[in-house]
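Participant: One structure, as structure tokens, below. Some questions next.
All of the numbers you see were taken from the coordinates with simple rules; none came from a lab. This one's a predicted model, so the numbers in the text were calculated from it and none came from an experiment. Heads up, the Cβs are rebuilt from the backbone with ideal geometry, glycines too, and the neighbour counts pull from every protein chain shown.
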Amino acid sequence: MNIPGSLCVISGASSGIGKASALELARRGARVVLVARRAQTLEQLEGQIRASGGQAWAFPADLSQPREALRLGEWVLQELGTPDILIHSAGAGEWRFLDETPLEDLQRLMDTPYFAAAYLTRVFLPAMLQQNRGFILSVCSPASRLVWPGATGYIAARWALNGFTEALRADLYYTKLQVCAFFPGKISDSEYFTRNTDTERRIPRIGRLIPEITSQQAALGIVRALEQDARMMFVPWQLHAFDLLARWFPRIAEHLAWRTGARRRDV
């Protein structure tokens, strides 16, 4: 995928990997549509990109709502044209055991990332198929490759996103659209762990063997995935090594995740 001159729609663009990816892609000549719920933050990012000579448009929207996704799709297609790149970076949710999770939170956990990615892709896919080119990248979680205790709803939603990404790739096999699942390690400068301190304590201790990365390093990995037309990418490489361990020796990986993961308070 050629980045200069491309039109890129990025969800979750107000912070973290989404924001870093928007800045990096704009710096490389992409036209970026910034999508998230926080309007003021998006407008600040839009101004930052424009001040440095880039092209950006802020579009506040809650992509877990079908009407909001349709509104975004109509505006982009009418005003800017068909996207070349979709990046699904929206995500939310705390890590809890299932019996700790309020019923209404189970729906919210699935809304983003899964429904947001599915709706966003659906509104643009007909136009992307008509032009028969494009790249769709989902920022997935290692939790959708190997589970650990204490994050049931969160992990289920990430499996849904990864499953959606894999199924979409199968759907588009005979087209020139590319689909990539991107797996980052723990993001050291993420607001997520600042807001959810209990979640950080539930990271399995075995995960400490995998170096943390910054949002910028993740963004550079996404750029590399786009340039290489990658089907799957892990950043850092140690995460890929652990994923291979889970594929080759699933019982060992499962045992390590369980032994070093969160324990129930009532046990």
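Participant: If you take the C-alpha gyration tensor of segment 204-267, multiply each eigenvalue by 5 and take the square root, what semi-axes do you get, largest first, in whole Å?
Facilitator: Largest first, segment 204-267 gives 28, 15, 9 Å.
Participant: Report relative contact order for segment 200-267 in percent, whole number only (criteria: Cα-Cα under 8 Å, sequence separation at least 6).
Facilitator: 49 percent.
Participant: Can you give me the long-range amide H partners of Cys180? Hydrogens built in the peptide plane at 1.01 Å from N, cutoff under 5 Å, separation of 5 or more residues or another chain.
Facilitator: Ile136, Leu137, Ser138
Participant: Another question, if that's okay. I want to verify a result. In a Gaussian network model of the chain, Cα cutoff 10 Å, which of these has the top mean-square fluctuation: Glu166, Glu191, Glu68?
Facilitator: Highest fluctuation of the listed residues: Glu191.
Participant: Positive end of the charge dipole of segment 7-260 (Lys, Arg +1 and Asp, Glu -1 on Cβ, about the Cα centre): tell me which of Gly207, Ala127, Ala22 has its Cα farthest that way.
Facilitator: Of the options given, the answer is Gly207.
Participant: What does the C-alpha gyration tensor say about the overall shape of segment 38-80? Classify as rounded when a/c is under 1.5, otherwise prolate if a/b is larger than b/c, or oblate.
Facilitator: Here segment 38-80 falls in the oblate category.
Participant: For helix 250-260, report the angle its Cα long axis makes with the longest principal axis of the Cα atoms of the chain; keep it between 0 and 90° and round to the nearest 10°.
Facilitator: 80
Participant: Okay, next question. Find, to one decimal place in angstroms, the Kirkwood hydrodynamic radius of segment 7-260, where the mean of 1/r is taken over every pair of different Cα atoms and then inverted.
Facilitator: 18.5
Participant: Same structure again: Hey, can you rank 205-218, 31-44, 240-253, 7-20 by average C-beta count inside 10 Å, highest first?
Facilitator: By packing density, highest mean first, the sequence is 7-20, 31-44, 205-218, 240-253.
Participant: Next question, about the same structure. Measure nothing but the geometry: give the 0 to 90° angle between the long axis through the Cα atoms of 152-171 and the longest principal axis through the Cα atoms of the chain, rounded to 10°.
Facilitator: Tilt of helix 152-171: around 50 degrees.
Participant: Separate question: From Cα pairs below 8 angstrom and at least 6 apart in sequence, can you work out the relative contact order of segment 7-260, rounded to a whole percent?
Facilitator: Value for segment 7-260: 19 percent.
Participant: Going by how many other Cβ atoms sit within 10 Å of their own, how do Val147, Val139 line up, fewest first?
Facilitator: By the 10 Å Cβ count, ascending, the order reads Val147, Val139.
Participant: Okay, next question. Charges on Cβ only, +1 for Lys and Arg, -1 for Asp and Glu, centred on the Cα centroid of segment 7-260; of Ala92, Ala58, Ala181, which one is farthest towards the dipole's positive end?
Facilitator: Checked the options; the winner is Ala181.
Participant: What are the ³J(HN,Hα) values, in whole Hz, obtained from phi via the Karplus relation 6.51 cos²θ - 1.76 cosθ + 1.60 with θ = phi - 60°, for each residue of segment 217-226 in sequence order, with x given for Gly and Pro?
Facilitator: 5, 5, 4, 5, x, 5, 4, 4, 4, 5
Participant: Right, next: Taking Cα atoms, how many degrees apart are the long axis of helix 237-248 and the longest axis of the chain, rounded to 10 and kept between 0 and 90?
Facilitator: Roughly 60 degrees, rounded to the nearest 10.
Participant: With charges set only on the Cβ (+1 for Lys and Arg, -1 for Asp and Glu), what does the dipole of the chain come to about its Cα centre, in debye to the nearest 20?
Facilitator: Here the size comes out at about 600 debye.
Participant: Where the centroid of each part is defined by its Cα atoms, how far is segment 218-257 from segment 98-173 in Å?
Facilitator: Their Cα centres are 17 Å away from one another.
Participant: A follow-up question, please. What percent of all Cα-Cα pairs in segment 65-111 falls in each 5 Å bin, counting up from 0?
Facilitator: 5, 15, 18, 18, 13, 11, 9, 8, 4, 0
Participant: Let me ask another. Taking each pair of distinct Cα atoms in segment 156-267 once, what is the resulting Kirkwood hydrodynamic radius in Å?
Facilitator: About 16.0 Å, per the Kirkwood formula over Cα pairs.
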